[in-house]
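**Q** Pasting in a structure now, in structure tokens, and then I'll have a few things to ask.
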């Protein structure tokens, strides 16, 4: 596979290039140190996967990814970052990123890229911990295993009504209550009631966890 690397730290770029180039099935086609350069590199090389940091001084990885995906919705972008902030995770997945990895164990990067090439979305480390409720809590005999696969015949979202699922999708898309209400033709009070019900049924604490849980289930093939 052809991989491009984006990080504002030149040392990290060089290190990742050495590590990934040592893999027989990976060719690093370029590495750059900024968001604007990332957009240009993607347009020039059209890599199979772009491995990108989020926080960069000129243009964030999220904004660079948006520009790339607007031009090519099939682009495979995997974020590799030290930031496990809920908002970053939700925005990255809502954009259409294929993965969100935390800079911890570099040995996991190549397997993650292969999984993305195989059509999977990849989440790991602290990201998975943020939605661990779906790995530990069973609803109707269903759970998510530690390797990200689904177990059982049901999924936690099966407890939700169709309208609650509609609200979940709005939250996962980054809409606020007013926007969800307008899109779903319901009152804001009704949206708030649905959110309270969703949190109770899924044993979650806030709307950010709802969004992350939604994208987590999507990443392992559940409908959500």
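**Q** May I ask you to list the residues in segment 155-185 that are buried (at least 18 other Cβ atoms within 10 Å of the Cβ), outside any helix (DSSP H, G or I) and either free of Cβ contacts under 8 Å to residues at least 12 places away in the same chain or not assigned by TED's automatic domain parsing to the domain that holds residue 210 (or both)?
**A** Answer for segment 155-185, where residues must be buried (at least 18 other Cβ atoms within 10 Å of the Cβ), outside any helix (DSSP H, G or I) and either free of Cβ contacts under 8 Å to residues at least 12 places away in the same chain or not assigned by TED's automatic domain parsing to the domain that holds residue 210 (or both): just 175.
**Q** Report every pair of residues separated by at least 6 positions or lying on different chains whose Cβ atoms are under 7 Å apart, first residue within segment 7-31 and without any contact (Cβ under 8 Å) to a residue 24 or more places away in the chain, second part of a strand (DSSP E or B) and buried (at least 17 other Cβ atoms within 10 Å of the Cβ).
**A** Partner pairs satisfying both residue conditions: 13/5; 13/31; 17/5; 17/28; 17/31; 21/28.
**Q** Looking only at residues in segment 37-62 that are at pLDDT 95 or above and out of contact with any strand residue (DSSP E or B) (no Cβ under 9 Å at 6 or more places or on another chain), which one is surrounded by the fewest Cβ atoms within 10 Å (Cβ to Cβ)?
**A** Checking each candidate, the answer is 43.
**Q** Any idea which residue in segment 92-105 is farthest from residue 67 (Cα to Cα), counting only those that are in a helix (DSSP H, G or I) and at pLDDT 80 or above? It would help to see each step written out before you state the result.
**A** First, pick out the residues of segment 92-105 that are in a helix (DSSP H, G or I): 92-95.
From what is left, the residues that are at pLDDT 80 or above are 92, 95.
On the way: 92: 13, 95: 10 Å.
Restricting to residues being in a helix (DSSP H, G or I) and at pLDDT 80 or above, the top hit is 92.
**Q** Suppose the filter is in the same structural domain as residue 92 (by TED's automatic domain parsing), surrounded by fewer than 16 Cβ atoms within 10 Å (Cβ to Cβ) and either modelled with pLDDT under 80 or touching a strand residue (DSSP E or B) at 6+ places or on another chain (Cβ under 9 Å) (or both); does residue 118 pass it?
**A** On the way: in the same structural domain as residue 92 (by TED's automatic domain parsing): yes; surrounded by fewer than 16 Cβ atoms within 10 Å (Cβ to Cβ): yes; either modelled with pLDDT under 80 or touching a strand residue (DSSP E or B) at 6+ places or on another chain (Cβ under 9 Å) (or both): no.
When the stated conditions are applied, residue 118 does not pass them.
**Q** Any residue at all in segment 123-140 that is at pLDDT 90 or above, farther than 18 Å from residue 100 by Cβ, assigned to a loop (DSSP other than H, G, I, E, B) and not assigned by TED's automatic domain parsing to the domain that holds residue 20? Explain how you work it out, then say what you get.
**A** Restricting attention to segment 123-140, the residues satisfying the condition of being at pLDDT 90 or above are none.
No, that holds for no residue.
**Q** For segment 38-54, does any single residue satisfy the condition of being under 26 Å from residue 175 (Cα atoms) and in contact (Cβ under 8 Å) with a residue 40 or more places away in the chain?
**A** yes
The values are calculated or read from the model by the stated rules, or taken from the named source; none is laboratory data. What you see is a predicted model, and the numbers here were worked out from it, not measured in a lab. FYI the Cβ positions are ideal-geometry reconstructions off the backbone, even for glycines, and counts take in every protein chain you see.
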